[in-house]
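Down below is the structure, laid out as structure tokens.
The values are calculated or read from the model by the stated rules, or taken from the named source; none is laboratory data. No experiment lies behind these values; they were computed from the predicted model shown. Because the Cβ atoms are built from the backbone with ideal geometry, glycine has one as well, and the counts that use them run over all protein chains shown.
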Amino acid sequence: MVVLLGPSRDAISGVTTHLNGLLGSRLTTRFDLLHFQVGSQGRREGFLGRLARLAASPFLLAATLLRTGAALLHINTSLNAKAFWRDLAYLGVAKLCGARVLYQVHGGRLDEFAYGLGFFGAFVRASLRLADAVVVLSRAQHDAFRARLPGHAVEVVPNGIDCAPYTRYNRAAPDPGAPLRLIYIGRLAPAKGLLETIEALRLARARGVAARLVLAGSGPEEPRLRQYVRDAGLARDVAFVGPAYGSHKAQLLAQADSLVLASYGEGLPYSLLEAMAAGCVPIVTPVGAIPDVVIEGEHGVFVAPRDADAISTAISRLAADRPALARMSAACRARIAAGYSLERVARDFSALYWSLCAMRTPRTA
């Protein structure tokens, strides 16, 4: 038995997508998987109810581990204060119950969170050593963890997706005379670089580039973005279509030429993998695990964070060279199918689970 610790399966987040992928993959034919929910997503509770849940949750996890005889707890977390302190309690509970712990980091950077060589940084590193293995999404994070946790088991397991929904649509050859079709899919939040994306579209339009932008998502930045679009005179060029899921999301990506994801920071965004699987060429910032996936000029174009002019130049470049756009589109599809499938993720975790379960010391009566 492996217990997967993470948010509600109905939440809108990359970690939820990861959990649902594992629970729907071939991993379930090799291991009994059980989801243990943490976090406030999907719950209707007041302040006192939240406090009561936080106090009771570690005891409920202990009861679950002991009742099921689980050999392994797979913690899905991020390196921020809220998640770290919450999940440290679960890590301690698992060790007390005799279970192995796989600690997977989906977001945040170790050198920024456990800064310097002071007491807090030392405490974080010592806490991470309680886990039997740490899993990260990128080579850069792997190097950072190995430097800070010498001799400890640190593995890179990039995210993966079910490619089938995104490969079923055939792509027509790009029409040089048609506007470049841009898309963003995800939460409308400040750190996603959406104001810069809209400003880049305005700059490109001012230079005579024909382009349109679809924003598929919702979030706290939406009112500000709508106002910015109106102020920039782009009401006819920017469409807000709300959150997109399932076949609707696949259709939107199939109808787009390029994904614009100008985030200030990322782990390994599922929207990037989905867009590339659909043949949508990314304009992205070189943050998180994105440089592990995208090769400049082969799969997409890199831009600096917070640089609207660089995004505008990338838009102009793709709009002017449709043959290159078509080549990169095909390369994107091949890249995701070869290295970022859900089947590969299931194989990677299957090997990790087997190795950790084999290390387990049985509990004594």
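TYR166 falls short on exactly one of the conditions (1) surrounded by 23 or more Cβ atoms within 10 Å (Cβ to Cβ); (2) farther than 21 Å from ALA277 by Cα; (3) out of contact with any strand residue (DSSP E or B) (no Cβ under 9 Å at 6 or more places or on another chain), and that condition is (2). Among the residues of the range 261-282, those identified as among the hydrophobic types (A, V, I, L, M, F, W, C) and outside any loop (DSSP other than H, G, I, E, B) are LEU261, LEU272, LEU273, ALA275, MET276, ALA277, VAL281.
Touching a residue at least 24 places away in the same chain (Cβ under 8 Å) and over 17 Å from CYS163 (Cα atoms): which single residue out of GLU274, GLU296, GLU266 fits that description?
Details: GLU274 fails: over 17 Å from CYS163 (Cα atoms); GLU296 fails: touching a residue at least 24 places away in the same chain (Cβ under 8 Å).
Every option except GLU266 fails the conditions.
Among residues of the range 90-101 that are without any contact (Cβ under 8 Å) to a residue 12 or more places away in the chain and over 12 Å from ALA70 (Cα atoms), none has a beta-carbon under 6 Å from a residue that is of a type in the set (Lys, Arg) and surrounded by fewer than 21 Cβ atoms within 10 Å (Cβ to Cβ) at least six positions away or on a different chain. When VAL287, VAL281, VAL293 are checked against the criterion of being touching a strand residue (DSSP E or B) at 6+ places or on another chain (Cβ under 6 Å) and assigned by TED's automatic domain parsing to the domain that holds GLU196, a single residue qualifies: VAL281.
If I go through the range 228-260 residue by residue, how many of them are touching a residue at least 60 places away in the same chain (Cβ under 8 Å), surrounded by 17 or more Cβ atoms within 10 Å (Cβ to Cβ) and either in a loop (DSSP other than H, G, I, E, B) or of a type outside the set (Val, Ile, Thr) (or both)? It would help to see each step written out before you state the result.
Keep residues of the range 228-260 that are touching a residue at least 60 places away in the same chain (Cβ under 8 Å), which gives 243, 246-247, 249-260.
In the following step, the residues that additionally are surrounded by 17 or more Cβ atoms within 10 Å (Cβ to Cβ) were identified as 249-250, 252-254, 256-260.
From the residues that got through so far, the ones that are either in a loop (DSSP other than H, G, I, E, B) or of a type outside the set (Val, Ile, Thr) (or both) too are 249-250, 252-254, 256-259.
The number of residues fulfilling the criteria is 9.
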